[in-house]
Amino acid sequence: MTEQMQSFKGAHAIVLGGGIAGLATAGTLTRHFAEVTLIERDRYPDRADVRQHTPHGAHVHILLAGGLVTLSRLIPELASWLDEMGRDEADLTHHTRVAYEGRWLPRARSGVPIRPCTRAEVEQLLLRNVRRHASIRVLDGSTVQSLVGDGRITGVKFTREGVSDVLSADLVVDAMGRGTPSRRWLEAAGLSAVEELTVDAGVVYASAWFEPPKGIDDDWVALATLPAIPREPHMGVAIRFGPDRMLCSAIGYGSPRPPRTIDEMAHRMEALCVPHLARLVRASKATSDVVVYANTQNRWRRWGRLPRFPDGLVIIGDAVCSLNPRYGQGMTVASLGAERLDRELDAHFARHGNLTGFSHRFQRSLEAVLAVPWQIALMEDRSWVSVLSGAAPSPLSKLVLAGSQRVLQTAFSDIDTYIRFMRLAHLLDAPTRMLAPRTLARIARGGHRAGEPEAPSIGLA
Ligand SMILES: Cc1cc2nc3c(=O)[nH]c(=O)nc-3n(C[C@H](O)[C@H](O)[C@H](O)COP(=O)(O)OP(=O)(O)OC[C@H]3O[C@@H](n4cnc5c(N)ncnc54)[C@H](O)[C@@H]3O)c2cc1C
């Protein structure tokens, strides 16, 4: 064995599914395994594009600041690659303009970086990282059929161009997204039933690409309206990618009938709390049809809570916890999971010198990563579920909702509170930062109506 081999924790790791979670993980595993194989069902397109098995990529995706920072830790060259693509750094609270209950939140520089990218672009960047590692073999166009192993997972069975094959590995990572069959496979193999939490607020996306009008004389990269419980179940988002391309999504709670045409989309935007998005859509030239997506429930499989979990397997990304996408957390959570796996492999190996017991330890550790994003998503979604079903919200959900509405009201006239709120929503800071005495005092005083923030001009007469 060479000296370099000795520093690895295993000879081979296999990543199942090459979406955001799988690609981010494959890159980090090169530090720990001599060889890494990534098995992806689709063939990767030559340029950033929506793939057959990732139709969600056609909808607005925001890489939260927390995700950008995490991915930049995992891939130090990321910032320069984004520059090359023309995805310049923007300021979260200056270039993103958010309206709530008919008023625009303030515009201020927070120093928090964001980069407007499509999901497909994030994927291309992660694939670029994966492809520069000689130790990663990408088997795209290959479909995972089952896990292999008895007690311990030792490999995977898959098909490629109609031919079945089996690969062995020291570690198999399930990153097959919301539709992963791993629960079915593991329970059929005798593992105890996993606790599964679900909250479905019936969120539906309808999205289309546009060429915006020329000469928009305002430097926003993203315009968004927030929904407001209980009166406003709809929201709209527009993201600009340079001067000629804009992706818009109309998003609604309560399983609304989605707009199917550009005209219906503009009509839906007209019902939002500010007129800007509708005017923008009407003034732009549509360059795609409207596409719809409705598989958006929050679902968390608590693998870390099982008394036993098989060695040789870990599960990450949407395959463990998929969140209502309206909070924009999925890619960030996938990146945080990949980073946690990286750290836990080091910690476990330093202590035990092998991978025995690692899988269970990792799934338990991942629970801590998922707890905050889950609470953020459920804070509003639980209330929406009550409102939409006509049931009375629980006292706790009423309290939480009143608190978050108070924070937003304060944010209109208090930049500091607004920035703190956005840092929390972008998974940069722990929720406890909102509980600092100075912040609590400001929130208790609440906002005032004076000094209405200037609305974005969006360049239209
Ligand atoms: C409408 C919508 C909007 C969203 N907006 C945002 C947003 O604004 N910000 C954000 O961060 N996140 C957003 N998300 C969530 C985000 O897309 C995901 O959380 C994120 O991409 C992580 O997904 P993943 O890699 O775990 O799974 P996926 O992206 O689902 O990837 C799973 C991969 O596994 C492959 N696969 C599945 N089965 C097999 C098999 N049997 N064999 C081989 N390969 C297989 C699939 O082809 C796919 O490539 C949104 C999601 C939706 C639905």
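Bear in mind these aren't lab numbers, they're just calculated from the coordinates by the rules spelled out. None of the values given here were measured: they were computed from a predicted structure. Here the Cβ positions follow ideal geometry from the backbone for every residue, glycine too, while neighbour counts run over all protein chains shown.
Roughly what angle does helix 330-352 make with the longest principal axis of the chain, taking Cα atoms, 0 to 90 degrees, to the nearest 10?
With rounding to tens, the tilt is 40 degrees.
Go through 227, 139, 408 and say which Cα lies farthest out towards the positive end of the charge dipole of the chain; charges sit on Cβ, +1 for Lys and Arg, -1 for Asp and Glu.
The residue sitting farthest along the positive end of the dipole is 408.
What lysines could a cross-link reach from residue 157, if we take a straight Cα to Cα line under 25 Å and drop same-chain neighbours fewer than 8 places away?
Candidates past the 8-residue exclusion: 9.
Could you tell me what percent of the DSSP beta bridges with both partners in the chain are antiparallel, to the nearest 5?
Within the chain, antiparallel bridges account for around 70 percent of the total.
Give the residue from 321, 368, 81 lying farthest towards the positive end of the charge dipole for the chain; charges sit on Cβ (+1 for Lys and Arg, -1 for Asp and Glu) and the dipole is referred to the Cα centre.
368
Report, in debye and to the nearest 20, how large the dipole of segment 79-151 comes out about its Cα centre when Lys and Arg carry +1 and Asp and Glu carry -1 on their Cβ.
180
What is the packing order of peptides 392-398, 116-122, 367-373, taking the mean over residues of other C-beta atoms within 10 Å and listing the highest first?
116-122, 367-373, 392-398
Might you report the magnitude of the Cβ-based charge dipole of segment 306-345 about its Cα centre, with Lys and Arg at +1 and Asp and Glu at -1, to the nearest 20 debye?
So the dipole magnitude of segment 306-345 works out to roughly 160 debye.
Can you show me the helix-derived [θ] at 222 nm for the chain, built from DSSP H runs with n ≥ 4 at -39,500 (n - 2.57) apiece and divided by the number of residues, rounded to the nearest 500.
-11000 deg cm²/dmol
Using the crude model of +1 on Lys and Arg Cβ and -1 on Asp and Glu Cβ, and no other charge, please compute the dipole size for the chain relative to its Cα centre, in debye to 20.
Magnitude of the dipole: close to 980 debye.
With a bin width of 10 angstrom, please list the P(r) values of segment 204-293 as percents of all Cα-Cα pairs, from the 0 bin to the one holding the largest distance.
Percent of pairs per bin, in order: 18, 55, 24, 3.
List the trypsin sites (Lys or Arg not before Pro) in segment 189-240 that DSSP assigns to loop (not H, G, I, E or B) and whose Cβ has at most 14 other Cβ atoms within 10 Å. Which are they?
Taking segment 189-240 and a limit of 14 other Cβ atoms within 10 Å, the loop trypsin sites (Lys or Arg not before Pro) found are 214, 231.
Taking the Cβ of residue 249 as the center, what net charge do the other residues with Cβ under 11 Å away carry, scoring Lys and Arg +1 and Asp and Glu -1?
+2
Summing +1 for each Lys or Arg and -1 for each Asp or Glu, what net charge is found among the other residues whose Cβ lies under 10 Å from the Cβ of residue 140?
Result for the local shell: +2.
Using only Cα atoms, tell me the angle between helix 65-74 and the longest principal axis of the chain; keep it within 0 to 90° and round to the nearest 10.
30
Using only the Cα atoms of the chain, construct the convex hull and provide its projected area averaged over every direction, in square nanometres to one decimal.
Taking a quarter of the hull surface, the average projection is 23.4 nm².
Could you please report the charge total around residue 158, scoring K, R as +1 and D, E as -1 over all other residues with beta-carbon less than 15 angstrom from its beta-carbon?
Here the count lands on -1.
Grab the Cα-Cα distance for residue 52 and residue 352, subtract it from 0.36 nm times how many residues apart they are, and report the gain in nm with one decimal.
Gain on extension, residue 52 to residue 352, equals 103.8 nm.
What order do you get for 35-43, 131-139, 329-337, 277-285 when each peptide is scored by the mean count of other beta carbon atoms within 10 Å, highest first?
329-337, 35-43, 277-285, 131-139
With only alpha-carbon atoms counted, please give the Rg and Dmax of segment 80-219, in Å.
22.3, 63
What whole-number distance in Å separates the alpha-carbon centres of segment 176-204 and segment 295-354?
So the two Cα centres are separated by 13 Å.
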